[in-house]
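All remarks here apply to the structure that follows.
The values are calculated or read from the model by the stated rules, or taken from the named source; none is laboratory data. Since the model is a prediction, treat every value here as computed from it, not as a measurement. FYI the Cβ positions are ideal-geometry reconstructions off the backbone, even for glycines, and counts take in every protein chain you see. Note: areas computed on protein heavy atoms with side chains; ligands, DNA, RNA excluded. Shrake-Rupley method; radii C 1.70, N 1.55, O 1.52, S 1.80 Å.
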Amino acid sequence: MPGSKPENTTCLIATVKNEGPWLLEWIAHNRAIGFDSIVVASNDCEDGTDLMLDRLQALGHLRHIRNTPPWPNGIQIDAYEKARRYPEAANARWLMALDADEFLNIHIGQGLVTDLIDTHTPETQAIIVNWRVFGDSDRAAWSDVPVCEAFTMAASERSFRAQVKTLFRDHQDYTVITPHGPWRYPAKGHFKPVKARTAAGASVRPDIFQRETEVHRVHPDKVSWSAAQVNHYIVKTRDVFDLKKTRGRPIDPHKARHTAEFFEHMNCNHEEDLSIQRTAEARTGVFARLLEDAQLAELHALACENLQKRLSDAKT
């Protein structure tokens, strides 16, 4: 049909700030698992992340948006709203919002986004994927080692399973996109049901994407890491985590998040999880090809130097 969208076209949208040392690995991973397009909004970058994104756009790897104020609905939500207007997102059938410390890790098929989609019936409109939080793996300090190799210790099955991210189709049907999933405001008190399932195939209540019931987590009986998970490298090393205190948080900049208590709570080193290594060869291959561009390689090195300097300055 003219104007129709290919069924499985996929787009990843994100918003970033000062992610230079980790950006290329994250882009490489998402390209390796098959996202057709990537749209990244940046704001207030001080380490050259925005320049890296400019170069990645020039090379054809993604679309970069400079997300400048004002942000009436908050940095992230406004970034997603801008991103979905660009052709890469507007013309995609499936959309997902992930942060630069979140890696979609698919356990079925070849580990591709389309493998996850294809396990569900054509009627499925949203696939909900649970977080798995990764700790510092007892690494004392930051070094320029790929995140997926450096941090292999994660939360046990009894913790941090309910939080979710959502891969969903036909984003134009939703009013707002949030970090965890889309919202649809009810029309005159009525909601339009959504056929949503967990990655493992469990049905989810049809009103999950209503504004009043923001999708952030699902009932513990509905969660599973069997088909897919989102590896959330939220703490990395303690020194890197402590630097985030100066960055603030995009959703509520006046509420402290990067506290010692938060680090201890999220620093989960309960058991080893190497499942993301099944896509390591593809990921490192894309990473290596990105670094073949001299300008991008230099920007990556400068971002690492910038981070090392900030870490050293923080000790003095």
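For the chain, the solvent-accessible area works out to 45 Å² per residue, with a probe of 1.4 Å and every protein chain left in place. With a Förster radius of 30 Å applied to the beta-carbon distance between R289 and D44, the computed FRET efficiency rounds to 0.55. When the Cα gyration tensor is reduced to axis lengths a ≥ b ≥ c, the ratio a/c is 1.5 or higher for the range 1-107, and with a/b not above b/c it is classed as oblate. About its Cα centre, the dipole of the range 84-189 is roughly 540 debye, where the only charges are +1 on Lys and Arg Cβ and -1 on Asp and Glu Cβ. Computed from backbone phi with θ = phi - 60° and the Karplus coefficients 6.51, -1.76 and 1.60, the 3J(HN,Hα) list for the range 74-80 is x, 4, 5, 5, 5, 5, 5 Hz; x is used for glycine and proline. What's the carbon and sulfur percent of the chain's accessible surface, probe 1.4 angstrom, rounded to a whole number? The value for the chain is 51 percent carbon and sulfur by accessible area. Here the range 213-237 is scanned for amide nitrogen atoms under 20 Å from the site 7 Å beyond the Cα of V145 along Cα-to-Cβ, giving 231-237. Taking the Cβ-Cβ separation of H216 and V176 as r and a Förster radius of 22 Å, what is the calculated FRET efficiency to the nearest 0.05? Efficiency at R0 = 22 Å is approximately 0.95. Taking Cα centre as origin and charging only the Cβ of basic (Lys, Arg, +1) and acidic (Asp, Glu, -1) residues, the dipole magnitude of the chain rounds to 1040 debye.
Just check the range 40-196 against the gyration tensor rule for me: Cα atoms, a ≥ b ≥ c as the square roots of the eigenvalues, rounded for a/c under 1.5, and otherwise prolate or oblate depending on whether a/b exceeds b/c. It comes out oblate by the Cα gyration axes. For the chain, DSSP calls about 50 percent of its internal beta bridges antiparallel. Each peptide in 21-27, 309-315, 109-115 was scored by the mean count of other Cβ atoms within 10 Å over its residues; highest first, the order is 21-27, 109-115, 309-315. Think of the chain as a dipole: +1 on every Lys or Arg Cβ, -1 on every Asp or Glu Cβ, centred on the Cα centre; then among N91, I38, I234, N91 lies furthest on the positive end. Candidates L274, A154, I117 compared by Cα position along the dipole of the chain: farthest toward the positive end lies I117, with charges placed on Cβ. Once you have a ≥ b ≥ c as the square roots of the Cα gyration tensor eigenvalues for the chain, tell me rounded if a/c is under 1.5, and otherwise prolate or oblate according to whether a/b is larger than b/c. It comes out rounded by the Cα gyration axes. Remark: spin-label model distance A314-A90 equals 4.0 nm, labels positioned 7 Å along the Cα→Cβ axis.
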